[in-house]
Amino acid sequence: MCSSDLKGSVIVIQTKGLVEAISPNGAKLKEPVVRGSVLPEGYSIKTNLFSESVLLLSNGTTATIQENSVFKLLEFKQKPFDTQNQSFGQLENEPSTSQVTIEMELGSLVVQTKKLNKSSSFSIRTPTGTAEIRGTQFQLASSPNTGIQLDVAESQVAFTPAGHNQPLVVGPGKGLDATPNGAIKQIGRAHV
């Protein structure tokens, strides 16, 4: 995408408990995150014990940041679009090409995406590796001590372990555990 493309929008559609915003320089913002808040690129959302936040991205993706998690929006570029008076819930595919990069340093995230355009990308970086999504429903949990757990309910997620070039494809009803030391185990499960 060229630099003239618009940035995508991320809007908080629901919160429970104390949810905090963190600026790109690491400072906590004074105001808590509430319904209607907008998350700009470079900012993070931190959920605490018994709290969560649900985000709606303008490509139709919903992301639920579960308790004790840190979610950072690294990049969200999206071409302009017209939904033709449809709500995001009515759309089967994303409304326009987008590039989304998220960092999940810690915690658990449940994501449901619309079918992405072929030239779109949606990736979630963790200390253990990167998950590339192609329109799916999945859950990803990341911890510096235990690594990641990935569970895919629909479609596929390609997970590339840190230090590797070849992704592992995880299909519907399957899961993957990756430890910080690089041990990978694919399993048949779907807890999403």
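In table form, for the structure just shown:
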item: Checklist (1) within 22 Å of Q99 (Cα to Cα); (2) part of a loop (DSSP other than H, G, I, E, B); (3) not acidic (D, E) applied to V169, failing item; result: (2)
item: Residue in the range 113-130 that is within 21 Å of T62 (Cβ to Cβ) and in contact (Cβ under 8 Å) with a residue 60 or more places away in the chain present; result: yes
item: Qualifying residues in the range 174-191 (those that are assigned to a loop (DSSP other than H, G, I, E, B) and either in contact with a Ser or Thr (Cβ under 9 Å, 6 or more places away or on another chain) or modelled with pLDDT of 90 or more (or both)) - the one most open to solvent (accessible area, probe 1.4 Å); result: P180
item: Given (1) assigned to a strand (DSSP E or B); (2) more than 15 Å from L140 (Cα to Cα), index of the condition N59 fails; result: (1)
item: Selection from the range 89-113 of residues that are in a loop (DSSP other than H, G, I, E, B) and either within 10 Å of the chain's Cα centre (by Cα) or buried (at least 20 other Cβ atoms within 10 Å of the Cβ) (or both); result: E94, P95, T113
item: Checking N48 against (1) at pLDDT below 90; (2) surrounded by fewer than 17 Cβ atoms within 10 Å (Cβ to Cβ); (3) among the polar types (S, T, N, Q), the condition it does not meet; result: (1)
item: Candidates I102, I184, I124, filtered to the one that is over 19 Å from F76 (Cα atoms) and aliphatic (A, V, I, L, M); result: I184
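The values are calculated or read from the model by the stated rules, or taken from the named source; none is laboratory data. Note that the structure is a prediction, hence the values are computed from the model and not measured. Here Cβ is always computed from backbone atoms with ideal geometry, including for glycine, and neighbour counts include all displayed protein chains. To get the accessible areas, we keep the full protein, side chains included, count just its heavy atoms, and leave off ligands, DNA and RNA. Shrake-Rupley method; radii C 1.70, N 1.55, O 1.52, S 1.80 Å.
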